[in-house]
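This report refers to the structure that appears directly beneath it.
The values are calculated or read from the model by the stated rules, or taken from the named source; none is laboratory data. Nothing here was measured: the structure is a model prediction, and the numbers come from that model. Counting neighbours? That spans all protein chains shown, and the Cβs are built from the backbone with ideal geometry, glycine included.
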Amino acid sequence: MTRADMHIHTYYSDGLQSPADVVAAARAAGLGLICVTDHDTMEAAGETKKRAAEAGIRAVDGIEISAYSSVKVHVLGYGLDRECAEYKRYYKGAVEGSFARCEDTLKKLASRGIIIPFDAVLGERSEDNTPVHSMFICRAAAKLGYAGSAGEFYMAYIAEGKCAHSRVGRLTPQEAVRTICDCGGLASLAHPGRIALDKSVREELICRLADQGLRGIEAVYSGHTDIQTAYYKEIAQKFGLLVTGGSDTHFRTGSRSIGTPIFYPDEELLRALEDY
């Protein structure tokens, strides 16, 4: 059996790990399959695959599109063709949208007397040409003394419902699924237990997305309880979806670690990933 972690972040988005860090942790955890799913970018894919191959681990290219309906609904994508015209169009829009969203957030913060230079935000990026993540704003704010930590600033000002929250340039969940499919990938709903909708409304959303090309659901997730895991496995069966799983690890020293919770992809999922 192949043990896997299909939801990992690097410093190409809002994580603090390099692809080399990720592969080293995956090897230590005994993983045979990993997927780096940075927010709105696949810039880590080439280095991740190279490092993973050297360590005898299979790496499938991935992405996590930060989509919004009335609430945050993230969609994971596996095996997208980064060289196709559809992906290049998407990525150009994602980068441009992130800059516009950052400017919108900074203006909202400035109206509250919180002045964060745009260059200070860009200085938080580890790699050029990647989208500007809201966590970069938070890290810059913490360094300027506006909060004790980036996480504290995020919860006070940037999180959904807070004064500087912005959805400028964001896709809808339907658009995210369509984008992944158009780029030849497999779309899976990320951490469904974190979607802030009533149970019936959430199920209706999953049903609509399944009709529009969603092929998986992240039932096995680091933030899910055993009850939630069982429930979302039932939802997967109900709507004919593949069960995916991952840690959503961002930091080596964080509360989540690569390879947890323990996840073994079934044969159907492994077959679906064969071409990726």
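So, in the range 189-210, of the ones that are more than 14 Å from GLU234 (Cα to Cα) and in contact with a helix residue (DSSP H, G or I) (Cβ under 6 Å, 6 or more places away or on another chain), which residue ends up surrounded by the fewest Cβ atoms within 10 Å (Cβ to Cβ)?
Ranking the candidates gives ILE195 first.
Of the residues THR253, THR225, THR229, only one is at pLDDT below 95 and β-branched (Val, Ile, Thr); which?
Of THR253, THR225, THR229, the one residue that is at pLDDT below 95 and β-branched (Val, Ile, Thr) is THR253.
State all residues of the range 1-45 that are within 26 Å of VAL95 (Cα to Cα), among the aliphatic types (A, V, I, L, M) and in contact with a strand residue (DSSP E or B) (Cβ under 8 Å, 6 or more places away or on another chain); if no residue qualifies, say none.
Taking the range 1-45 and keeping what is within 26 Å of VAL95 (Cα to Cα), we get 6-22, 34-45.
Checking which are among the aliphatic types (A, V, I, L, M) leaves us with 6, 8, 16, 20, 22, 34, 36, 42, 44-45.
Listed by number, the residues that qualify are MET6, ILE8, VAL22, ILE34, VAL36, MET42, ALA44, ALA45.
Can you list the strands (runs of 3 or more DSSP E) found entirely within the range 14-127 that contain at least 1 residues being in contact (Cβ under 8 Å) with a residue 40 or more places away in the chain, over 30 Å from VAL201 (Cβ atoms) and hydrophobic (A, V, I, L, M, F, W, C)?
33-36
Using the structure shown, decide if TYR264 is touching a Ser or Thr at 6+ places or on another chain (Cβ under 7 Å) and aromatic (Phe, Trp, Tyr). Lay out the reasoning, then the answer.
Details: touching a Ser or Thr at 6+ places or on another chain (Cβ under 7 Å): yes; aromatic (Phe, Trp, Tyr): yes.
Against the criterion (touching a Ser or Thr at 6+ places or on another chain (Cβ under 7 Å) and aromatic (Phe, Trp, Tyr)), TYR264 qualifies.
Looking at (1) within 18 Å of ILE158 (Cα to Cα); (2) within 17 Å of the chain's Cα centre (by Cα), which one does LYS108 not meet, given that it meets all the others?
(2)
Within the range 211-234, count every residue that is over 24 Å from LEU33 (Cα atoms) and either crowded, with 21+ Cβ neighbours inside 10 Å or aromatic (Phe, Trp, Tyr) (or both).
Summing the residues that are over 24 Å from LEU33 (Cα atoms) and either crowded, with 21+ Cβ neighbours inside 10 Å or aromatic (Phe, Trp, Tyr) (or both) in the range 211-234 gives 1.
Of the residues GLY254, GLY213, GLY223, only one is without any contact (Cβ under 8 Å) to a residue 24 or more places away in the chain, part of a loop (DSSP other than H, G, I, E, B) and among the small types (Gly, Ala, Ser); which?
Selected residue: GLY254, the only one of GLY254, GLY213, GLY223 that is without any contact (Cβ under 8 Å) to a residue 24 or more places away in the chain, part of a loop (DSSP other than H, G, I, E, B) and among the small types (Gly, Ala, Ser).
Taking the options LEU171, LEU186, name whichever one is under 30 Å from LYS108 (Cβ atoms) and buried (at least 21 other Cβ atoms within 10 Å of the Cβ).
Working: LEU186 fails: under 30 Å from LYS108 (Cβ atoms).
From the options LEU171, LEU186, the qualifying one is LEU171.
So ALA147 clears everything in (1) in contact (Cβ under 8 Å) with a residue 40 or more places away in the chain; (2) outside any helix (DSSP H, G or I); (3) more than 22 Å from the chain's Cα centre (by Cα) except one condition, right? Which one?
Against the list (1) in contact (Cβ under 8 Å) with a residue 40 or more places away in the chain; (2) outside any helix (DSSP H, G or I); (3) more than 22 Å from the chain's Cα centre (by Cα), ALA147 comes up short only on (1).
So, TYR157, is that one touching a helix residue (DSSP H, G or I) at 6+ places or on another chain (Cβ under 9 Å) and in contact (Cβ under 8 Å) with a residue 24 or more places away in the chain or not?
Numbers: touching a helix residue (DSSP H, G or I) at 6+ places or on another chain (Cβ under 9 Å): yes; in contact (Cβ under 8 Å) with a residue 24 or more places away in the chain: yes.
Yes; evaluated as a whole, the condition is true for this residue.
Would you point out which residue out of GLU64, GLU86, GLU54 is among the acidic types (Asp, Glu) and either over 17 Å from CYS181 (Cα atoms) or at pLDDT below 95 (or both)? If you could, list the steps in order and put the result at the bottom.
Values: GLU64 fails: either over 17 Å from CYS181 (Cα atoms) or at pLDDT below 95 (or both); GLU86 fails: either over 17 Å from CYS181 (Cα atoms) or at pLDDT below 95 (or both).
Of the residues listed, the single one that is among the acidic types (Asp, Glu) and either over 17 Å from CYS181 (Cα atoms) or at pLDDT below 95 (or both) is GLU54.
Looking only at residues that are assigned to a helix (DSSP H, G or I) and of a type in the set (S, T, N, Q) in the range 165-208, which one is nearest to HIS74 (Cα to Cα)? If you could, list the steps in order and put the result at the bottom.
So the first thing to find is which residues in the range 165-208 are assigned to a helix (DSSP H, G or I), and the list is 173-182, 192-194, 199-208.
Checking the rest, the ones that are also of a type in the set (S, T, N, Q) come to 174, 179, 200.
Details: GLN174: 11, THR179: 13, SER200: 18 Å.
The selected residue is GLN174.
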